[in-house]
Each structure stands twice: as C-alpha cells, then as structure tokens.
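Inspection log for the structure reproduced underneath, given as structure tokens.
The values are calculated or read from the model by the stated rules, or taken from the named source; none is laboratory data. Note that the structure is predicted; figures quoted are calculated from it, not measured. A quick note on method: Cβ atoms are made from the backbone with ideal geometry, for glycine too, and the neighbour counts reach across all protein chains shown.
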Amino acid sequence: MRVTALLEAFRGRATRRSYPFVEEPAPKYRGPPLIDPERCIGCGACVHACPATALSLRYSRSDRVYIIEHDIGRCIFCWYCVDACPTGAMRGSHEYELATSERTRLAIRVEHEPVECRECGTPYSTHKAIVHVLATGVPVSPTLVFTCPSCRALRVASYLARRCKRRA
Amino acid sequence: MLPETLIEKLACTRFNNWIMCDVEPELLLKIVPDIHESGRCRLTTCLAYDARAFDNTFHVVYVLDCRARGYICLRVRALPPGYRLPSLASVMDEPPCTWCEWEASELYGIVFEGHPGKGRLILPDTWPPDYHPMRKDAPPPPEPRVEPERVQAPVKGRGVPLGPYHPALHEPEFFELIVDGERVVGVNYRGFFVYRGIEKLAEDRFSFDQVPFLAERICGICGFTHSTAYCQALENALGVDPPARAKYLRTLLLEIERIHSHILWAAIMFHTVGFDTGFMHLMLVREDVMDAAEVLTGNRKTYAANIPGGVRVNPSNETIRAVVERVSRAARKAVKLARSYLEVSEIRSRFENVGVLTRKDAARLGALGPVARASGLDVDVRRDHPYAAYPELEFDVPVRDEGDVLARFLVRLEEIEESVSIIEQVASRIPGGPIRSHVEYRHLRYGLGATEAPRGENIHFVVTGYGGRLWRWKVRAPSYNNISILPVILTGVPLSDAPVVITSIDPCFSCTDRLVILDLKRRKRMVLKPSRVARGGGV
C-alpha cells in the first residue's frame, strides 16, 4: 500500500517554475478593466455599477475638468463596469502582471471637458455625454439639456405652476 | 405536533419552497423542542431583523428544516419597551439556536430571558453593553480599545490555550482546553475575531445586484455557494426563475467548488497530522481543478459569475466538456491518492475512533453537512430541498455511521466521486438558451435561499428594502452550527488529537464570523506562548 501511495504521488507534472516561465492564465481570464479615453463620455455609469468603489467621477475646480479615475488597487476584476458602459469604452483586459512599487501606476485617469449650466454656470455634465445623449435621438428638450439638474427642476416646476394657474 | 397541523393552526404565508408562520412566543417554546427531538423537523438556525420601522418590534425567525415539506420559519415579535422574549435555548438541551439567539441579543439588543450564554459571543468585551450595531439607527461604532479580555478560569484541571493564532489552526479562533493529564475534560471557546460586518455593509451601501460580489467574499474557499444562496434568496423573494442553462452552470460551478474544497480539506488533514508530503501532492492535484474554474469563469475562485436572475458567464458546451474531463481526472486522482494514504497504518490510526460524534448528539446539536452524514444523519440540501439543476440529476448521498474523523474523511472522498458524476451529467445534458432572467426589484419581500455548501447547509435570508437596498440579509454558514458542537466532541479526546478533531469538521471561521475588531486581538493574549499542544510532526 505504501508503494502504491508513493508511485501515485510521483506521477505528475512539475510543481514549480521560475518566474518568466510561468503558465499564461486561461484565455478568458479577467484582468483589470481599462478605459479607452476616446470612447469614454464621462457619464458615470461605471461608477454607479462598481461594487468595490474602485471607480470615481469628480469635478476638479482648479483644472476645470471632470476626472474619471479607476483605482486598480481597489478593483475586484468583476467587469460589472464593462457591462454597464454604454459606449464600450470600458474594456476588460487580460493583464496579470500588476505588481508595482508605485501605487500611481495602478490608476487610470481620464479627463473630460465640462458643460456649464446656461443659467447658473455650475458644471453639471461632460461635453461628450451631452453630445452622446443628443446623438441617441432620445426626445430631449434642447433648452433643458443645457441646464443643470437643479435649474432644470426649477424650470419644470415653474412651468407646471404656470399651467396650473392658467387652468384655475 | 405534526408540521401539517401546525401550519393549519397558525397564520402562515406560503412561499415557493418555504413557509413563514407567525407564532406567539409561548407556543413556540411549547412546540419547537418536541418537533426538533422527534426528528420530523430539524431546528437549524434563527435570525433577527429590525422591524421597528414597520410595527415597532424586532422580528425573530426560527428556521426549521422539514425535509420534503420544505423550510418552515416561525416568526415571533419582540415588543417594546424592553424587547424581551423567552429564550428557546433555555428550554432545550444545547440546541443549535444557542448561538443565534446570543447573536441577536448582542447585535439587536433583544433580551432573551433565561439564555444560557454568559458574556459576549460576537462583539468585543470592551464595547459598551448598550451598543447594538445591527440596529437601523445605530451610530458609528466606538473607537476600539486595546485591552486584554478576561480569561475564564478553568473549573478543574489545567487550562491549555489553543489560539487565537496558533500553528495548528488556520484562522483566528480561541480554544481554551481544560485538561486533566493528557485528556481534554472541558473547553472554553471564544470566536468571532474576524467578524467583518458584511451584513451591515450590504444593507447600508450595496444595491441588491452588487451584493453577490460581496457574498462570494464571505468565504475564501466556498464563495460560489454563498453567492448562489444569496441569488436564490432574492429570486425567491422577487418571484424570478433563472433560465435552465443558468441553473446547470450554477450546478457545475457548485460541484467544482465542492471538489476543490474537499481536496483542500483532505490536504489540510494530512498536514495536521504531520504528513506534509500528502498535503503537497493533494494541493498539486487541486491546482488542476482551480485552473478549470478559471477557464470557465475567468477567475480561479469563480468570482463574479453569479448575479440575481442567472449567471454572467456563458462558456461553450465544448469548453464545459473539456473542463469536466479535466476536473474528473484530477478529482479521481485525488481520491485515489487520499485513499492510498489512508491505508498507511500510522496515518489511519490518527483518524480512526478519534473525536466520535454520535448520531443522537449530531441531531440534537444540529450538525450539518459531511459532519452530520459521517454520524449517520442523512441530510443534504441538494436532495431535500432541490435547487439549481439538482432535481434533474441523479446522485447519491453518502452516509456513514461511525461518526469518527475517519468517517468524515471517507464521506468527503465519496462526495468527491458523487460530484464527479454530477458534473459529467451536467456536461452531457446542459441545455442551450439564455443565461439571465430579468429581475424587477420590489420592496418588503421575503426570501430564503439554501444551498449545500461543501461544509453543509448554507442559509441566506433576505428582506428587500427601499431604493434597491436590502433591509436585511442574514447569512448562516454551515460552520456556524458545526463549530458550536466542537466543545462536545473535543471533550474526552487526548490533547494531541485536539487539532485533528478541530480540523475534521472543516471549520471555516471567516464564514462564521461576519465584523471587524481592528487590531484588537494582536496585542492582547499573552497566553500565546509555545503551548504544549502536540501538533503531529512537521507543522
């Protein structure tokens, strides 16, 4: 019995390979998702989808740009953002050699030109996102689309109030 | 009382495969002990949730597993001002609800009158006694204070510490073994050092479709079974039926997970008795199974493959066939290796007649999974409460009567063989079609999801909340029940066998513990000196 155990044990492949000669991961291996800055419109769908809050969208007042940042150090490689992206800018990659001595190398940053509200001047969306919405052919009011959400709400509310008054 | 008459008498709501009944606390105390002891239904767990927003009470739900009749949940209400309830654990002899009532009293502040537990179970001793983190209006937790916890004085004999960090344990858990000479005569247990607050986190900041990504991180080994149980609970609550192909894919991944988990467990058993050669060989074979999981899902731990309503990966039938062939080969080899090692008398003698759990004790204490099946208790969620594609597949449930560590070993090896047959059936029968159904979220629905994890019955309970968030998500991992029976099976074993017995139930401490105690434990516990506990050879 001991002999069988030994024989069984020694049959098989090598246990260890030195670094560059390692096996590649499976063809469908999920690596970190990367952002294509050309396609990205800065809509923030990926930010909402991300369970690990690896993605963030913020407005930088000093540089006057919207910044989408992907922190691969936090990423769990689930590719939920890839599913959420409306333009296919979020692409899953096959990368697996991610070790680095600098944390900044694990961050992807995409900058977007902001759109400022026509009424109050606060930035509320990215230029490309507005262009994308207009290009989809969804019926939007051409005036309201260039106002920020709060001004938009105010306008709609005052319009409704006027109508109610007229009816009364 | 028969479960049928019970259901007729009470106000019950029928769900797909389970029933929820409202009971008065007095009646609960009268009927549950009889039902549990008669063996018609097994009390498996209980859970609480904050319902003060709806009817100003806390709800406590006792889950009974009634085999073919499905799960029966008995719900009692803890009324204000004191939120007091009579304790079910106080009227039964060490029932499986001791821990969960204790947990509810700490996390929600429900007072269980007559509960046998003394001190804290989950929260650190240094936290204020009136702080209950799972309440919906709980403020942020207090700053942790680093302070040694009190050590319970041994009643008689000498106390030998085993843990929280010990080379023979793989996760932080503290056993104080009280020994008389070389024999363990009593056990003090302190766990939950890695309670991470996953349930609270999910309720507060995750939307319902993101929770599977958190659920699979409950356990580092059997993650897929947790995400499946969660998805099933939610699908059950919302009345969604995943497509057939998704069910088959879930079954396939669940069984692959069972195979690699059991191989890992067998390897660790050999490691525990000092046979590291066996450990290395089995881990090498297991690597093939992990690679196969990576081919199917893109991740060796099958992460991010589940979603409420179906699955997110759709490998081609050829890939599935190739993977199944590879896994079967590896699994058969692992079983052959383990069996041949068990023939070696020195190894076999470490397992035979060690840590015996009798059938009666297994039933009384609520043992689950392979531990229960090695003690002659024929329970398996896959057969008793079929889910995923299991109703359409043929498989046996291996059961043994010896109840010792060797029986637990053999039951698991037989289970690997059954799993191989299951995945082969999946590969030949898997239907085509879509892999995901549409899920429409509604608030205040109840759902129960149960899966047979590699370690036993895994229960997830979901109450859906507002704005796409969960109101309550309760996870009861199988080790929760199995660890609480450890003090019973450890009593009477020689000290040198204690690590073997602890490892034999395949304890998953991180599944059982769910909050964080930051750095609290690392600086306390001066008792962590090289102890006299024998650990086999090369550990």
Exercise for the section: Taking A:CYS148 as meeting all but one of (1) touching a helix residue (DSSP H, G or I) at 6+ places or on another chain (Cβ under 6 Å); (2) closer than 18 Å to A:VAL65 by Cα, write down the number of the exception. Expected result: (1)
Exercise for the section: For residues that are within 14 Å of chain A (Cβ to nearest Cβ) and within 18 Å of the chain's Cα centre (by Cα), tally how many sit in segment B:185-203. Expected result: 1
Problem - The one condition in (1) away from chain B (no Cβ under 14 Å); (2) part of a loop (DSSP other than H, G, I, E, B) that A:TYR59 fails to fulfil - result: (2)
Practice task
Among the numbered conditions (1) among the aromatic types (Phe, Trp, Tyr); (2) surrounded by fewer than 22 Cβ atoms within 10 Å (Cβ to Cβ); (3) under 20 Å from the mean Cα position of the chain (by Cα), tell me where B:PHE206 comes up short.
Solution key: (3)
Practice task
Could you list, in sequence order, all residues of segment B:170-196 that are in contact with a Lys or Arg (Cβ under 7 Å, 6 or more places away or on another chain) and in a loop (DSSP other than H, G, I, E, B)?
Solution key: B:PRO172, B:PHE193, B:TYR195, B:ARG196
Exercise for the section: Of the conditions (1) under 22 Å from B:GLY366 (Cβ atoms); (2) assigned to a helix (DSSP H, G or I); (3) in contact with a helix residue (DSSP H, G or I) (Cβ under 7 Å, 6 or more places away or on another chain), B:THR451 clears all except one; give me its number. Expected result: (2)
Exercise for the section: Check B:ASP497 against each of (1) over 21 Å from B:THR228 (Cβ atoms); (2) touching a Leu at 6+ places or on another chain (Cβ under 8 Å) and name the one condition it does not meet. Expected result: (2)
Handout entry: helices (runs of 4 or more DSSP H) fully within segment B:344-418 counting 1 or more residues that are more than 21 Å from the chain's Cα centre (by Cα)
Key = B:345-351
Exercise for the section: Scan segment B:331-345 for residues that are surrounded by fewer than 19 Cβ atoms within 10 Å (Cβ to Cβ) and more than 10 Å from every other protein chain (Cβ to nearest Cβ) and jot them down. Expected result: B:ARG332
Problem - The listed residue being in contact with a Ser or Thr (Cβ under 8 Å, 6 or more places away or on another chain), in a helix (DSSP H, G or I) and more than 30 Å from B:THR491 (Cβ to Cβ), out of B:ALA233, B:ALA202, B:ALA237 - result: B:ALA237
Completion exercise
Expected single match for over 27 Å from B:GLU294 (Cβ atoms) and assigned to a loop (DSSP other than H, G, I, E, B) among A:THR100, A:THR87 is A:THR87
Fill in the blank from the handout: The correct count of residues that are in a helix (DSSP H, G or I) and in contact with a His (Cβ under 9 Å, 6 or more places away or on another chain) in segment B:215-225 is 1
Exercise for the section: Among the strands (runs of 3 or more DSSP E) lying completely within segment B:1-60, list those that include at least 1 residues that are out of contact with any strand residue (DSSP E or B) (no Cβ under 8 Å at 6 or more places or on another chain) and surrounded by fewer than 19 Cβ atoms within 10 Å (Cβ to Cβ). Expected result: B:11-14
Fill in the blank from the handout: With criteria (1) within 19 Å of A:ILE130 (Cα to Cα); (2) in a loop (DSSP other than H, G, I, E, B); (3) within 14 Å of chain B (Cβ to nearest Cβ), A:CYS46 comes up short on (2)
Practice task
Check whether at least one residue in segment B:91-101 is among the β-branched types (Val, Ile, Thr), in contact (Cβ under 8 Å) with a residue 40 or more places away in the chain and closer than 20 Å to B:SER484 by Cβ, and report yes or no.
Solution key: yes
Problem - Residue satisfying all of: in segment B:266-282; surrounded by fewer than 24 Cβ atoms within 10 Å (Cβ to Cβ) and free of Cβ contacts under 8 Å to residues at least 24 places away in the same chain; farthest from the other protein chains (Cβ to nearest Cβ) among these - result: B:PHE279
Handout entry: From the options A:ALA26, A:ALA107, residue that is modelled with pLDDT under 95 and within 14 Å of chain B (Cβ to nearest Cβ)
Key = A:ALA26
Exercise for the section: May I ask you to verify whether A:TYR66 is within 14 Å of another protein chain (Cβ to nearest Cβ), surrounded by 13 or more Cβ atoms within 10 Å (Cβ to Cβ), over 21 Å from B:SER207 (Cα atoms) and touching a residue at least 40 places away in the same chain (Cβ under 8 Å)? Expected result: no
Handout entry: Verdict on A:CYS151 being surrounded by 12 or more Cβ atoms within 10 Å (Cβ to Cβ), touching a Phe, Trp or Tyr at 6+ places or on another chain (Cβ under 7 Å) and not hydroxyl-bearing (Ser, Thr, Tyr)
Key = no
Exercise for the section: Please tell me if B:ARG286 is in contact (Cβ under 8 Å) with a residue 40 or more places away in the chain, of a type in the set (Lys, Arg) and surrounded by fewer than 24 Cβ atoms within 10 Å (Cβ to Cβ). Expected result: yes
Problem - Condition broken by A:ILE130, with the remaining ones in (1) within 14 Å of chain B (Cβ to nearest Cβ); (2) assigned to a helix (DSSP H, G or I) satisfied - result: (1)
Practice task
Please work out if B:ILE263 is within 28 Å of B:LEU282 (Cβ to Cβ) and crowded, with 20+ Cβ neighbours inside 10 Å.
Solution key: yes
Exercise for the section: For B:PRO33, indicate whether it is over 24 Å from B:THR451 (Cβ atoms) and touching a Lys or Arg at 6+ places or on another chain (Cβ under 9 Å). Expected result: no
Completion exercise
Residues of segment A:71-102 being out of contact with any helix residue (DSSP H, G or I) (no Cβ under 9 Å at 6 or more places or on another chain) and either within 12 Å of chain B (Cβ to nearest Cβ) or on the phi > 0 side of the Ramachandran plot (or both), in sequence order, are A:PHE77, A:TRP79, A:SER93, A:HIS94, A:TYR96
Exercise for the section: Taking the residues in segment B:283-328 that are away from chain A (no Cβ under 11 Å) and charged (D, E, K, R) as candidates, determine which candidate is nearest to B:GLU216 (Cα to Cα). Expected result: B:ARG286
Exercise for the section: Identify all residues within segment B:83-99 that are part of a helix (DSSP H, G or I) and among the basic types (Lys, Arg); write none if there are none. Expected result: none
Completion exercise
Apart from one, (1) touching a residue at least 24 places away in the same chain (Cβ under 8 Å); (2) under 26 Å from A:VAL156 (Cα atoms); (3) surrounded by fewer than 14 Cβ atoms within 10 Å (Cβ to Cβ) all hold for A:GLU38; the odd one out is (2)
Practice task
Can you confirm whether segment B:301-318 contains a residue that is of a type in the set (A, V, I, L, M, F, W, C) and in a helix (DSSP H, G or I)?
Solution key: no
